[in-house]
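A short worksheet on the structure shown next.
The values are calculated or read from the model by the stated rules, or taken from the named source; none is laboratory data. Since this is a predicted model, take the numbers as computed values, not measurements. Note that we place each Cβ from the backbone using ideal geometry, even for glycine, and neighbour counts take in every protein chain shown.
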Amino acid sequence: MSAEIQASFCLPRGDFRLDVDLRLPGHGISALFGHSGSGKTTCLRAMAGLERAAQGYFAIGNEVWQDEAQGYFLPPHQRALGMVFQEASLFAHLSVRRNMEYGQKRVLKSAPASERRFALPEVAELLGIAHLLERSTRQLSGGERQRVAIARALLAAPKILLLDEPLAALDLKRKLEILPYLERLHGELSIPVIYVSHSPDEVARLADHLVLLEQGRVVASGPLNQVLSRIDLPAAFVDDAGVVIEARIAEHERDELTRLEFPGGPIYVSRRQEPTGTLLRCRIHARDVSLTLVPQVQSSILNCVSGTVLDLAPTNTPGHVLVRLDVAGCPLLARITRRSADKLGIRHGLALWAQIKAVALLG
Amino acid sequence: MESTAYSQDLAAVWLTLKLASIVTVLLLIVGTPIAWWLARTRSAYKGVIGAVVALPLVLPPTVLGFYLLVAMGPNGPVGQLTQSLGLGILPFTFTGLVIASVFYSLPFVVQPIQNAFEAIGERPLEVAATLRASPWDAFWSVAVPLARPGFLSGAILGFAHTVGEFGIVLMIGGNIPGKTRVVSVQIYDHVEALEYTEAHWLAGGMLLFSFSVLLALYTLNPSRRKAL
């Protein structure tokens, strides 16, 4: 199940116009990221068939769901998809179990046994809701409701899972409660997931592939770090510029620090609970990286890696530039002043040291 | 004499209940698709149809009764149709009374159901669609159960309003014992004949009935009070 997803929609809505042409990988989590009004939810609804684009094409592998050039449009209820909305939208007149069975029963009627991928107890276990099955939906917390909604979508044997800001309506505590389950899905699902979000942290933590949307258009689309490390993105995305690196926990050291290792060298963070060997995603903001020509030994900043300059570009803040480095094959962004860039003589191929002031651990 | 009046009262009560039950069932069948359409359409005709359905709320029953009488009469379009089908003429029959009552009580059933459908919104139906439910399936498995309070209000109001009608019964049904003489007309007859005791029994019964209906509506279904 790694067939490529093709989605191209042209959908005018009053002043707004969604105009996208996307190729997304047939596995892993693809995030549609953009600010509100960028068209990410509309794009997801078009994939589900809840909005019909007059010019549209949507296919997973060789299974075509919409091809307006041929006048073909498969209505949503005939598409093998699972969708989770921003608010859980559980059916209030059904128990948790009956909610979960709603799609499953309908699939059993129409689809051959080979298309069933999940059993109810299995999915309930995966999402940690096995103890809630006989409850009424009114007795659930926001996080539980979303997990039930995800389970319900999975039980409908989808070939693609569409998540429309599933965490947006939850407070931070509930978000942290549900994120591990999403990561588990990431590990255990063989189907592609399209994840709509306006939260850079969620995207950095979960996504493999990133699509940036602005005013209904695709600004960038590609593997997560390839997009994150681009320095030519529109102003709206530059403030949050930063890369994501995957690092493995190497050692918990005596002085309450944990040493992570990534190809560029060690990174020290406050002590973590996870055992050594665990792979963690860390986000490094461009604004937290400073550059120096010689390694600083007399500095309070612990994390210092060596790299070479790939290129640089102006930012939307006058006087600042964004520098892209190559650190042992990993991209790294640094946001520094133009004056510093001139002083250091930043140019392609220059070898230097990057001091990392802060590392945000994502998982 | 006494027993005749008593049996006539009973016949009127029986006829009223039969009329209201049949009309309520028909109203649910006719009113539900209208309510569904009104709740979800973006058509320009929504206002017009909504106004037509609501007309009986403001029209004197005699006006509605008059037009129905004309339409169903021997020279009216409906009358011509029923005659050509060999059904005869509908005014002053029980069937005619049922048809007139359906028109007259329509808004009382359509509006609560329409409000309930509107309150559900688009989202649960979209969710159902993404879970492989066809629109017809989603209507029965999601919209109707979620709109249950609206159906309950509509059925109770439709039934009670039919029981309480008077003007339209006189216009369409006349006053034929056992065929079209319902309780409200029977009370009128008693009062005309100065039989106040008999009038009291029936009127008191109606009062008690109406109060019970409203009490049930308000206590079982407090969130739907606005349906009235």
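Structure data summary
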| item | result |
| --- | --- |
| Tally of residues being closer than 9 Å to A:VAL309 by Cα, crowded, with 18+ Cβ neighbours inside 10 Å and of a type outside the set (A, V, I, L, M) across the range A:323-343 | 1 |
| Looking only at the range A:39-63, and only at residues there that are charged (D, E, K, R) and within 13 Å of another protein chain (Cβ to nearest Cβ), the one that is surrounded by the fewest Cβ atoms within 10 Å (Cβ to Cβ) | A:ARG52 |
| The range A:64-86, subset more than 8 Å from every other protein chain (Cβ to nearest Cβ) and in a strand (DSSP E or B), residue nearest to A:ILE194 (Cα to Cα) | A:VAL84 |
| Pairs, first at the interface with another protein chain (Cβ under 9 Å from one of its Cβ atoms) and in contact (Cβ under 8 Å) with a residue 60 or more places away in the chain in the range A:149-163, second among the polar types (S, T, N, Q) and surrounded by 24 or more Cβ atoms within 10 Å (Cβ to Cβ), C-beta under 7 Å, six or more apart | A:ARG152/A:ASN99 |
| Flag if A:SER89 is in the same structural domain as A:HIS186 (by TED's automatic domain parsing), touching an Asp or Glu at 6+ places or on another chain (Cβ under 7 Å) and within 26 Å of B:SER141 (Cα to Cα) | no |
| A:ALA54 vs. criteria in contact (Cβ under 8 Å) with a residue 40 or more places away in the chain, of a type in the set (A, V, I, L, M, F, W, C), assigned by TED's automatic domain parsing to the domain that holds A:ALA156 and farther than 18 Å from A:LYS159 by Cα | yes |
| Cross-chain or 6+ apart pairs with Cβ under 8 Å, the range B:4-20 first and hydroxyl-bearing (Ser, Thr, Tyr), then modelled with pLDDT under 90 and not in a helix (DSSP H, G or I) | B:THR16/B:VAL182 |
| Boolean, B:PHE151 is more than 12 Å from chain A (Cβ to nearest Cβ) and over 30 Å from A:GLY82 (Cα atoms) | yes |
| In the range B:26-61, the residues that are exposed (fewer than 13 other Cβ atoms within 10 Å of the Cβ) and farther than 15 Å from B:PHE117 by Cα | B:ILE29, B:SER43, B:ALA44, B:TYR45, B:GLY47, B:VAL48, B:ALA51, B:LEU57, B:VAL58, B:PRO60 |
| Residue check, A:LEU185 under 12 Å from the mean Cα position of the chain (by Cα), in contact (Cβ under 8 Å) with a residue 40 or more places away in the chain and part of a helix (DSSP H, G or I) | no |
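Each row is one residue, and each column tells you yes or no for (1) touching a helix residue (DSSP H, G or I) at 6+ places or on another chain (Cβ under 6 Å); (2) of a type outside the set (D, E, K, R); (3) within 14 Å of another protein chain (Cβ to nearest Cβ).
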residue	(1), (2), (3)
B:VAL53	yes, yes, no
B:VAL58	no, yes, no
B:THR62	yes, yes, no
B:GLY65	yes, yes, no
B:SER84	no, yes, no
B:GLN114	yes, yes, no
B:ALA128	yes, yes, yes
B:TRP136	no, yes, yes
B:VAL144	no, yes, yes
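This table checks each residue for (1) crowded, with 23+ Cβ neighbours inside 10 Å; (2) within 13 Å of A:PHE33 (Cα to Cα); (3) not assigned by TED's automatic domain parsing to the domain that holds A:VAL309.
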| residue | (1), (2), (3) |
| --- | --- |
| A:GLY142 | no, no, yes |
| A:ARG147 | yes, no, yes |
| A:LEU172 | no, no, yes |
| A:LEU179 | no, no, yes |
| A:HIS186 | no, no, yes |
| A:GLU202 | no, yes, yes |
| A:GLN215 | no, yes, yes |
| A:VAL218 | no, yes, yes |
